[in-house]
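Encoded as structure tokens, the structure appears first; notes follow it.
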Amino acid sequence: MALLLDDVFEAPATTHAPTGRRVQAALVFARGGGTTVLSRQSVPYPFHITRAFRMHPESPDLATLYLQSASGGLYAADHLTLDIAARPGARVHVTTQAGTVVHRGGPEPTRQETRLTIAADALLALNPDPLILFPGAHLAVSTEITAEPGARAIVTESVACHDPLGQGRPFDRLDLGLTIRTLEGRPLVRERGRIDGAAFAGAASPMGPHRAYGTMVVLGAPDDARLAGLTLRQAGDAAGCLTGVSPLPNGAGLGLRLLAPDGGALSAGMDAVFRIVFEALSGCAPGRRRK
């Protein structure tokens, strides 16, 4: 879900418990006719997608699709779910056109759930632009990945803060959850995190001076010198981030974390490491259309 920050205003505070949207979207990518096709889609409002672009002349079977938002971001008590499945042999890159604003929330969190299913010999790269937390935002993000042996995936997630009035007001609370499991349901990775906005932005913040955070998980990575921890750390650090790389539990893959002073530096660092990983897994550089 994407929108341009210059095109939005801060949503007013509400005096009653809001009723959010309950919406689920689904995308299925499959191999057909020697390429990757979007074989099934259910994209209700506020979700919106572009057509599948072919941006890789050297890899014409690799599809690129852009997720968009038709509503101006995430609002109080929304519960939006996105399911993406990559069938055997499918190769797809799903991204967004800009950051997604998370507006002021309430007692019930704004929820964004992403559920990915990746078959053997499939490649799914999902790297949306950052979630932009406005003052008072209360967000819970959950990502669940089910991968068959031989599946390849790059999944990123990132958050940054923005106060339209420039007063340094923090978001309310942020919850992050990640689960990676086998097709049989055996969990390989489970991670949960929570932080209040005041702690995030305070002098004793566990983030130190950094105000933007991103993660990347890589599944099915080949034995490639470009994926050495030092190379990836150097790429992220050169963009102004503090970058860490480590193996995931149970041999699931590779995990990266990036801290940055702001959303701009975070986006640059995430792009730098994503390009390296994408080339190693797909054999070509990630395609770009103007955002």
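The values are calculated or read from the model by the stated rules, or taken from the named source; none is laboratory data. None of the values given here were measured: they were computed from a predicted structure. Backbone-built Cβ (ideal geometry, glycine too); neighbour counts: all protein chains shown. Accessible surface areas use protein heavy atoms only, side chains included; no ligands, DNA or RNA. Shrake-Rupley method; radii C 1.70, N 1.55, O 1.52, S 1.80 Å.
The mean sequence distance of close C-alpha pairs (under 8 Å, at least 6 residues apart), as a share of the length of the chain, puts its relative contact order at 14 percent. Rounded to the nearest 20, the size of the Cβ-charge dipole of the chain about its Cα centre is 400 debye, with Lys and Arg at +1 and Asp and Glu at -1. When you filter the GluC sites (Glu not before Pro) in region 143-214 for DSSP loop state and at most 15 other Cβ atoms inside 10 Å of their Cβ, you are left with E184. To the nearest 10, the accessible area of D78 is 0 Å² with a 1.4 Å probe. With the biggest extent put first, the Cα atoms of region 119-266 measure 49, 33, 24 Å across the principal axes.
Comparing F274, F171, F53 in a Gaussian network model of the chain, where Cα atoms under 10 Å apart are tied by springs, the biggest mean-square fluctuation is seen for F53.
Let me know the shape class of region 190-264, please: from the alpha-carbon gyration tensor, a ≥ b ≥ c as square roots of the eigenvalues, rounded when a/c is under 1.5, otherwise prolate if a/b is greater than b/c, or oblate. Note, shape of region 190-264 comes out oblate. Rg then Dmax, both in Å and based on the Cα atoms of the chain: 18.3, 57.
Considering helices alone, the calculated mean residue ellipticity of the chain at 222 nm is -3500 deg cm²/dmol, with DSSP H runs of length four and up weighted by -39500 (n - 2.57) and normalised per residue. Close amide H contacts of D83 (hydrogens built in the peptide plane, cut-off under 5 Å, sequence separation of 5 or more or a different chain): A25, A26, L27, R115.
For the chain, DSSP calls about 40 percent of its internal beta bridges antiparallel.
Each label point was placed 7 Å from the Cα along the Cα-to-Cβ direction; for E58 and V43 their separation is 2.9 nm. Peptides 201-213, 85-97 ranked from most to least packed by the mean count of surrounding Cβ atoms within 10 Å: 85-97, 201-213. Heavy-atom accessible surface of region 113-234, averaged per residue, reaches 43 Å², computed with a 1.4 Å probe.
Summary of the geometry: region 39-73 and region 190-247, compared by the centres of their Cα atoms, lie 27 Å apart. DSSP bridge analysis restricted to region 14-119 gives an antiparallel fraction near 35%, rounded to the nearest 5.
Could you work out what % of the accessible surface of the chain is carbon and sulfur, using a 1.4 angstrom probe and leaving DNA, RNA and ligands out of the count? Heavy-atom surface of the chain belonging to carbon and sulfur, 1.4 Å probe: 53 percent.
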